[in-house]
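To keep things clear, I will list the structure first and then write my remarks on it.
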Amino acid sequence: QVQLVESGGGLVQAGDSLRLSCAASGRTFSSHAMGWFRQAPGKERAFVAAVSRNSGVTYYADSVRGRFTISRDNAKSTVYLQMNSLKPEDTAVYYCAGRFTTRTLNYYVDESDYTYWGQGTQVTVSS
């Protein structure tokens, strides 16, 4: 039903910025709450940021709040993650995820709540 494809990852230095994109297929993007997760080597996959269907609500993990910004453009069926002031601890594979919902202001922080996942994009931050 929904396919998600991440892009924009790469190798950057600490303090730099990077913008990730997640493009969704189909015509139902606006009916999905979206989120970003990341998984570092040897670590569990962790929540990063979430946005509601209509961009009315956003939520961030404590580790990225103030540095990262999640946004979406429903006309382009794309969700973004703007990452500023990157740290080596941000190094991970970043995944885009979606969940259908009828609640326009709902957002989700547990990976088990999401039903659609992208393939991931690598972000590496050197010191």
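The values are calculated or read from the model by the stated rules, or taken from the named source; none is laboratory data. What you see is a predicted model; the values in this text were computed from it and never measured. Glycine also receives a Cβ, built like all others from the backbone with ideal geometry; neighbour counts cover every protein chain displayed. Each accessible area value is taken on the protein alone, full model and side chains, heavy atoms only, with ligands, DNA and RNA left out. Shrake-Rupley method; radii C 1.70, N 1.55, O 1.52, S 1.80 Å.
Structure notes:
- Flag if Arg103 is at pLDDT 95 or above, in a loop (DSSP other than H, G, I, E, B) and farther than 27 Å from Asp16 by Cβ: yes
- Residue match in the range 107-116 (condition: open to solvent by 30 Å² or more (accessible area, probe 1.4 Å), farther than 13 Å from Leu20 by Cα and touching a His at 6+ places or on another chain (Cβ under 6 Å)): no
- Only residues that are open to solvent by 30 Å² or more (accessible area, probe 1.4 Å) and either within 14 Å of Ala50 (Cα to Cα) or in a strand (DSSP E or B) (or both) were counted across the range 81-93, and they come to 2.
- Of the residues making up the range 29-69, those that are polar (S, T, N, Q), farther than 19 Å from Thr121 by Cβ and open to solvent by 50 Å² or more (accessible area, probe 1.4 Å) number 4.
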